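Following: one structure in structure tokens, then a few remarks.
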Amino acid sequence: MSIAAVVLAAGASRRLGRPKQLVEYAGEPLVRRAARAALEAGCAPVLVVTGAGAGEVEAALAGLTVTAVRNEGWSEGVASSIRAGVEAGARATPPCDGVLLLLVDQPAVDAPLLRELLDGFSACGGARIVACSYGGGLGVPAVFPRSRFAALAALRGDRGAKALLAADPDVVAVPFPAGARDVDTDAELPQPAARP
């Protein structure tokens, strides 16, 4: 199955006070880490939705086979970035069977996790949403089938896809306890691994 990845990287990181997309973890910016994980998992195309600080964020992706999707309406909130990414994914050639939505501020996300989501999507014939389970609920990263593109495109404001996940009784859940850890403040910034 063909899955387009949509990396949501357009926010202004107001709580952090600087672009979280560019925060380094394990030697690379978070946005590059997320895009690289999607590439290594086999997603194609990998679409990185940029907005605030777009030039710097896109520069951090140099050398990766990704497509930047500029979201001029990023200040509306995350829903506008989801719409921009899904619309770009819907126009992909060849047509994709689904989109994998992921954020840049979940440092524990890696290629093996994304492959597990893609495998779950293939196992159900691409007919169901496959989402991560953490913190007592469902969240991204998550794979949405083409049949849900219209619902994603209808999202508005600073609300992501959680409401769609919560309303769907057939979501395939993939346990990912570390998904609850994200980066919104300095206290949540990833710490470098201790040297042996």
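Brief remarks follow.
- Rolling a 1.4 Å probe over the heavy atoms of the protein chains gives region 28-116 an accessible area of 38 Å² per residue.
- Other-chain or far-sequence residues with amide H under 5 Å of residue 68's (modelled H): 48
- A straight line joining the Cα centroids of region 20-72 and region 119-168 runs 21 Å.
- When the residues 97, 105 are ordered by accessible surface, computed with a 1.4 Å probe over the protein chains alone, the sequence from largest down reads 97, 105.
- MRE, 222 nm, helices only [DSSP H, n ≥ 4, -39500 (n - 2.57), over the chain, to nearest 500]: -8000 deg cm²/dmol
- Net dipole in debye of the chain [+1 Lys, Arg Cβ; -1 Asp, Glu Cβ; about Cα centre; nearest 20]: 180 debye
- Of the options (i) 15.4, 50; (ii) 18.6, 59; (iii) 16.5, 53, only one is Rg and Dmax of the Cα atoms in Å as computed from these coordinates, and that is (i).
- Protein-only accessible surface order, largest first, of 28, 116 at 1.4 Å: 116, 28
- In this Cβ point-charge picture (+1 for Lys and Arg, -1 for Asp and Glu), region 55-95 has a dipole of about 160 debye about its Cα centre.
- In order through region 95-102: 3J(HN,Hα) via Karplus (6.51 cos²θ - 1.76 cosθ + 1.60), integer Hz, x for Gly, Pro: x, 8, 7, x, 10, 9, 8, 8
- Solvent-accessible surface (1.4 Å probe) assigned to residue 162 amounts to roughly 120 Å².
- In this Cβ point-charge picture (+1 for Lys and Arg, -1 for Asp and Glu), region 1-106 has a dipole of about 200 debye about its Cα centre.
The values are calculated or read from the model by the stated rules, or taken from the named source; none is laboratory data. Since this is a predicted model, take the numbers as computed values, not measurements. Note: ideal-geometry Cβ built from the backbone for every residue, glycine included; neighbour counts use all protein chains shown. Note: areas computed on protein heavy atoms with side chains; ligands, DNA, RNA excluded. Shrake-Rupley method; radii C 1.70, N 1.55, O 1.52, S 1.80 Å.
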